[in-house]
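For reference, the structure discussed in these notes is given below.
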Ligand SMILES: Cc1cc2nc3c(=O)[nH]c(=O)nc-3n(C[C@H](O)[C@H](O)[C@H](O)COP(=O)(O)OP(=O)(O)OC[C@H]3O[C@@H](n4cnc5c(N)ncnc54)[C@H](O)[C@@H]3O)c2cc1C
């Protein structure tokens, strides 16, 4: 018999740097000194994904090292450069690197919401055409705890119905694979939206910042908040710069991440605070305190 489950996220892949080719480029372009910047950034805890974004941003202005662009009298270090790119909204440089995840024990409610993010993403999901349902695990939002027993009854009824349908149509002994697949696919229309399944997904860094904010927001649904909260915590300590500007609040027991600037014309929550008069500032701080 199936169980009640909650989504789990695995961070399975990330962008690396090809050191030999980076060195070859730095040599050929006369930017050997940038190697020292890379080593210092690594020493400060930055990861290659972050360093690559900075390298590409600096390439825009020929500012990897001094002396390549006569308009420039100083160059920023990598950490400062990344901070600057986020602060001015130079977002496209963060599209160069991606992070790969698997969400397991997640529902089709969640996956449908996830795949609405079109830009800077890739998805591969369990196929309902091929996979025969047996035990139906259900992603269970604890808000339904007061009627847990009733939910268990519905889950059991769905499993029994499904097993009966498979039996009566003779699916298990069917030798014609094409017909088997068609029937498996037809039957999924009777499967619950909350059935547990898996999806692999990739987000580039620009999209990661956008999706973490919209999907951990208090107005988003419980399951997608759970997933993006896990995404955030998996990466946050490993990559010191990628969530630059992020503010955290605990809302309904789940993290809400806000305040990261995504576009040049946007203001961060901190910028907005600076524009307030003393009275307005006091009111705003009281308002925030109430929300917390
Ligand atoms: C709290 C919440 C409630 C929601 N409720 C509903 C609902 O009731 N019904 C429903 O159908 N959906 C709902 N959605 C989904 C929502 O409408 C979006 O489809 C989803 O959040 C994808 O985000 P996005 O549009 O930012 O797309 P992404 O693909 O993540 O795009 C990122 C950004 O790129 C830009 N962009 C992307 N595509 C285009 C384009 N074609 N043209 C111009 N700019 C573009 C936009 O700036 C966009 O924000 C909800 C989402 C949230 C967070």
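Before moving on, here are some points about what is shown:
- Single residue of segment 244-267 satisfying the filter (within 19 Å of residue 47 (Cβ to Cβ) and more than 16 Å from the ligand (Cβ to nearest atom)) that is surrounded by the most Cβ atoms within 10 Å (Cβ to Cβ): 244
- Restricted to segment 26-144, the set of helices (runs of 4 or more DSSP H) holding at least 1 residues that are more than 25 Å from residue 266 (Cα to Cα), more than 16 Å from the ligand (Cβ to nearest atom) and out of contact with any strand residue (DSSP E or B) (no Cβ under 8 Å at 6 or more places or on another chain) comprises 34-43, 48-60.
- Test: residue in segment 222-243 that is outside any loop (DSSP other than H, G, I, E, B), farther than 17 Å from residue 123 by Cβ, within 13 Å of the ligand (Cβ to nearest atom) and in contact with a strand residue (DSSP E or B) (Cβ under 8 Å, 6 or more places away or on another chain): yes
- Per the conditions (1) outside any strand (DSSP E or B); (2) within 16 Å of the ligand (Cβ to nearest atom); (3) under 29 Å from residue 247 (Cβ atoms), the sole criterion not satisfied by residue 193 is (3).
- Residue that is nearest to the ligand (Cβ to nearest atom), among those in segment 196-221 that are assigned to a helix (DSSP H, G or I) and under 25 Å from residue 143 (Cβ atoms): 214
- Here residue 31 meets each of (1) touching a residue at least 12 places away in the same chain (Cβ under 8 Å); (2) under 31 Å from the mean Cα position of the chain (by Cα) with one exception, condition (2).
Since every read-out is calculated from the coordinates, none of them should be taken as a lab result. Remember, it's a predicted structure, so these values are computed and weren't measured experimentally. Reconstructed Cβ throughout: ideal geometry from the backbone, glycine too, with neighbour counts over all protein chains shown.
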